[in-house]
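Remarks on the structure that follows.
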Amino acid sequence: MSEAARDARPETFPHAAPAAIANAQLRRNIHRATTSIRARRAGVVAEVPDWQELRDAGAAIKDAALWRLDEALVQLESAVVRAGGAVHWARDAAEANDIVTALVCAEGVGEVVKVKSLATDEIRLNEALEAAGVTPVETDLAELIVQLAGERPSHLLVPAIHKNRVEIRDLFRDQLGLPGLSDDPGELAEAARLHLRAAFLRARVAISGANFAVAQTGTVCVVESEGNGRMCTTLPEVLITVMGIEKVIPEWRDLGVLLQLLPRSSTGERMNPYTSLWTGVREGDGPRSFHLVLLDAGRTRVLADRVGRDALRCIRCSACINVCPVYRQTGGHAYHTPYAGPIGAILAPQLEGEQGSAGSLPFASSLCGACYDVCPVKIDIPSILVHERAKQVRRERAGIEGLSLRRLGRVLASRASYERAQRLARRLQRPVVRDGWLTRFPPGPLAAWGRSRDLPAVPDQTFREWWESRDRS
Amino acid sequence: MIDRVGLFVTCLADTLYPEVGQATVTVLERLGLEVIFPLEQTCCGQMHLNSGYPDEARALAERFVEIFEPFDAVVSPSGSCVALVREHYAGLLEGADRGVPGRTWELSQLLVDVLGVEDVGSGFEGTVTYHPTCHSLRLLRVGDAPLRLLRAVPGVELVELPDAEECCGFGGTFAVKNADVSGAMLDEKLSSVLATGAEVVCACDASCLMHIGGGLHRRGAAVRPLHLAEILAS
């Protein structure tokens, strides 16, 4: 790797975290937002008597599509084509961006409207469009805020979770040319609404992602809360949908399960305000042409991993993010991927593969298991985190950590060496123990511990020494 | 009917918290059980598995099942070590676990769910707040077994811990690999503990207590971290 390429790699999670933790405003916003959304989710989940069975059904539906993904995608393609749409296959981000950019440029437009889409964040489509002289306008309110600020989303579902309304007022005053704007939420929403309404009416091309696509019928589904998605999928003449190949589901009736799981898990609503479903094109109704771009970008590699593949079940609800105590301290930016939180920590390193820079993410978890409990499609995130850690360790070979853990493994492999190590620790600590505690540490892992914690000293008698003395008496 | 148990004390309690092991022995013997401590035992392999070293963990798991195979019941005062044995040994050992995981119990589980005992004849006095550790809560699903044991102690006044189910931030090597995030999580847990005004913070895992206790000591707080076994043994 060249020097420049190494510099361009995003910093690791442990390096990015302190700045986020030091940002009190950020932590307060995230704390407030995740606390309220957790409570809402818990409330609407508790009122579904067969929630656990629904989770099982959701997992089974996603698995059914993933285990025959090749067939499901071809079935989807022919259904979309039959309904008058076009299907494009993209191996990676660059191919997807080229396809979309070419489609947009062929329409001769300088601007497109966009529905919030993680897949297009993942491939950095906006940058590709801008490079081709096309301005993408994000139409989800929070996504618009993030775009106007020149930032990246910090949460799957609430992309501007890190900003408060004074910050948003200043941004709108500056970027939308509204110097007299107040920070009243109604007034802020109205300003965005007027700005976006003009863009909707101008737009000839729209770009969306997809929450689900039904192989059986060729129907694509987008769920959202603001109606901007409905505008994008119905008003413009041309609609381009970029979707990860794992979003395909087998049958129409599967939506009956997934559309119960998704809103309750994500926004904590019984049903989301807007569910748009469309099948190809229809004369005189909606777009005159529809393009579906199927994106691989690492997904088939994930599918080949017997443990890691369950991550492809994800329906992007963000429940795991909202309960994650690590995310709660840092927000999403420290992850340096559109998929933050627990799901990002298992998905990003897998999608990026060996060459990726997300290797520190599987370690950004205390393995508390809260994510697994709330996952609507039962992804065992902690087990996949552990699996990804092992992959990362194998990849990096032995650093100091590897050497010491392997050494420790050998120490623990026999009673004699283990007891020797206990006695050695007791001897080595002697100069620094104060009242049974270690409070100052040498550089290394112990110093990291010692930044916010003391450590009890090895006592004069270990348990086994006590047991043996008791046995003798 | 269980009348003899093998004690897996955990490497952490053996080395740093002998009083937790001693208390476990006291409680079990008070109930008339014969306790055996096989001296060959070292570590269950949790740290290695969770840190990405499954081969080292597997070797330790093999030792564990060999050492504890002779026992009809194995007990340990650690929710996370027992969770590893019960939830992950079968996969790690590809089924060659000799049935040991199914006979291995966390202390409160053994007492309440297996032996059907809640009152163990303890005489502890004080206000106690209980932190349900993540692995006993979400992996082992010990539920309210520890609380039922605490409620049966006449002198214990239980004070509810705010946001009790939030992780304390320990997570094994997570605490050093992501020390800043871990420390921020600990700060929140300590604030909750201090807000209760309790004299004692109690849990079923010496590792979480080492983290919480290490934080309390650093801040000079007077709250005592005690393992459930220590309260039950008094």
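The values are calculated or read from the model by the stated rules, or taken from the named source; none is laboratory data. Bear in mind the structure is a predicted one, so any value in this text is a computation, not a measurement. FYI the Cβ positions are ideal-geometry reconstructions off the backbone, even for glycines, and counts take in every protein chain you see.
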Quiz item: Given the conditions (1) more than 8 Å from chain A (Cβ to nearest Cβ); (2) touching a residue at least 24 places away in the same chain (Cβ under 8 Å); (3) in a helix (DSSP H, G or I), and given that B:L49 satisfies all but one, which numbered condition is not satisfied?
Solution: (1)
Practice problem: Determine if segment A:237-246 includes at least one residue that is buried (at least 16 other Cβ atoms within 10 Å of the Cβ), over 24 Å from A:E111 (Cα atoms) and at pLDDT 95 or above. | Solution: yes
Quiz item: What do you reckon, is A:E283 touching a Pro at 6+ places or on another chain (Cβ under 9 Å), among the charged types (D, E, K, R) and either away from chain B (no Cβ under 14 Å) or within 22 Å of A:L157 (Cβ to Cβ) (or both)?
Solution: no
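If I ask for residues that are outside any helix (DSSP H, G or I) and crowded, with 18+ Cβ neighbours inside 10 Å, which ones from segment B:188-204 would you list?
B:A198, B:V200, B:V201, B:C202, B:A203, B:C204
Could you tell me which residue of segment A:362-383 is nearest to A:P263 (Cα to Cα), considering only residues that are among the aliphatic types (A, V, I, L, M) and more than 12 Å from chain B (Cβ to nearest Cβ)?
Filtering first and then ranking leaves A:V377.
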Exercise. Among the numbered conditions (1) surrounded by fewer than 24 Cβ atoms within 10 Å (Cβ to Cβ); (2) touching a Lys or Arg at 6+ places or on another chain (Cβ under 6 Å); (3) not aromatic (F, W, Y), tell me where A:R309 comes up short.
Key: (2)
Practice problem: Please work out if B:V176 is within 10 Å of chain A (Cβ to nearest Cβ) and of a type in the set (A, V, I, L, M, F, W, C). | Solution: yes
Exercise. Only residues in segment A:6-17 that are closer than 11 Å to A:A364 by Cα and within 14 Å of chain B (Cβ to nearest Cβ) count as the first member; pair them with residues that are surrounded by 15 or more Cβ atoms within 10 Å (Cβ to Cβ) and modelled with pLDDT under 65, Cβ under 6 angstrom, at least 6 apart or cross-chain, and list the lot.
Key: none
Practice problem: Taking the residues in segment B:216-234 that are under 20 Å from B:A175 (Cβ atoms) and crowded, with 24+ Cβ neighbours inside 10 Å as candidates, determine which candidate is nearest to the other protein chains (Cβ to nearest Cβ). | Solution: B:P225
Exercise. Could you tell me which numbered condition A:G359 fails, if it satisfies all but one of (1) outside any loop (DSSP other than H, G, I, E, B); (2) within 13 Å of another protein chain (Cβ to nearest Cβ); (3) in contact with an Asp or Glu (Cβ under 9 Å, 6 or more places away or on another chain)?
Key: (1)
Quiz item: Just checking, which of A:A390, A:A416, A:A425, A:A421 is in contact with a Pro (Cβ under 7 Å, 6 or more places away or on another chain) and not polar (S, T, N, Q)?
Solution: A:A390
Quiz item: Residues in segment A:388-398: is at least one of a type in the set (V, I, T) and crowded, with 17+ Cβ neighbours inside 10 Å?
Solution: yes
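Please work out which residue is nearest to A:L347 (Cα to Cα), limiting yourself to segment A:384-408 and to residues that are within 7 Å of chain B (Cβ to nearest Cβ) and among the aliphatic types (A, V, I, L, M).
Selected residue: A:V386.
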Quiz item: B:M185 passes all but one of (1) within 10 Å of another protein chain (Cβ to nearest Cβ); (2) in a loop (DSSP other than H, G, I, E, B); (3) not charged (D, E, K, R); which number fails?
Solution: (2)
Quiz item: Looking at segment A:412-473, what helices (runs of 4 or more DSSP H) fall wholly within it and have at least 3 residues that are surrounded by 13 or more Cβ atoms within 10 Å (Cβ to Cβ) and more than 7 Å from every other protein chain (Cβ to nearest Cβ)?
Solution: A:415-429, A:445-450
Quiz item: So which helices (runs of 4 or more DSSP H) stay within segment A:20-113 end to end and still have 2 or more residues that are within 23 Å of the chain's Cα centre (by Cα) and in contact (Cβ under 8 Å) with a residue 12 or more places away in the chain?
Solution: A:24-46, A:51-66, A:93-106
Exercise. Kindly check whether there is at least one residue in segment A:261-270 that is surrounded by fewer than 22 Cβ atoms within 10 Å (Cβ to Cβ), among the aliphatic types (A, V, I, L, M), within 22 Å of the chain's Cα centre (by Cα) and within 30 Å of A:E352 (Cβ to Cβ).
Key: no
Quiz prompt | Search result, residues across segment B:154-167 that are in a loop (DSSP other than H, G, I, E, B) and either more than 8 Å from chain A (Cβ to nearest Cβ) or over 16 Å from the mean Cα position of the chain (by Cα) (or both) | solution = B:P154, B:G155, B:E160, B:L161, B:P162, B:D163, B:A164, B:E166
Quiz item: Which condition breaks for B:S136 when tested against (1) small (G, A, S); (2) within 14 Å of another protein chain (Cβ to nearest Cβ); (3) over 30 Å from A:P14 (Cα atoms)?
Solution: (3)
Exercise. Looking only at segment A:312-327, count how many residues are surrounded by 24 or more Cβ atoms within 10 Å (Cβ to Cβ), in a helix (DSSP H, G or I) and of a type outside the set (A, V, I, L, M, F, W, C).
Key: 3
Quiz prompt | Positions within segment B:30-72 being closer than 19 Å to A:E465 by Cβ and of a type in the set (D, E), in sequence order | solution = B:E40
Exercise. Starting from residues that are crowded, with 24+ Cβ neighbours inside 10 Å and hydrophobic (A, V, I, L, M, F, W, C), keep the ones in segment B:36-46 and report whichever is nearest to the other protein chains (Cβ to nearest Cβ).
Key: B:C43
Quiz item: Residues of segment A:131-187 being among the basic types (K, R) and modelled with pLDDT of 90 or more, which ones?
Solution: A:R169, A:R173
Self-check item: Subset of segment A:91-128 [surrounded by fewer than 22 Cβ atoms within 10 Å (Cβ to Cβ) and either of a type in the set (A, V, I, L, M, F, W, C) or outside the structural domain of A:T279 (by TED's automatic domain parsing) (or both)]
Solution: A:A93, A:A94, A:I99, A:A102, A:L103, A:C105, A:A106, A:V109, A:L118, A:A128
Quiz item: Say we look at segment A:424-459 and pick out the residues that are charged (D, E, K, R) and without any contact (Cβ under 8 Å) to a residue 12 or more places away in the chain; which of these is farthest from B:E40 (Cα to Cα)?
Solution: A:R451
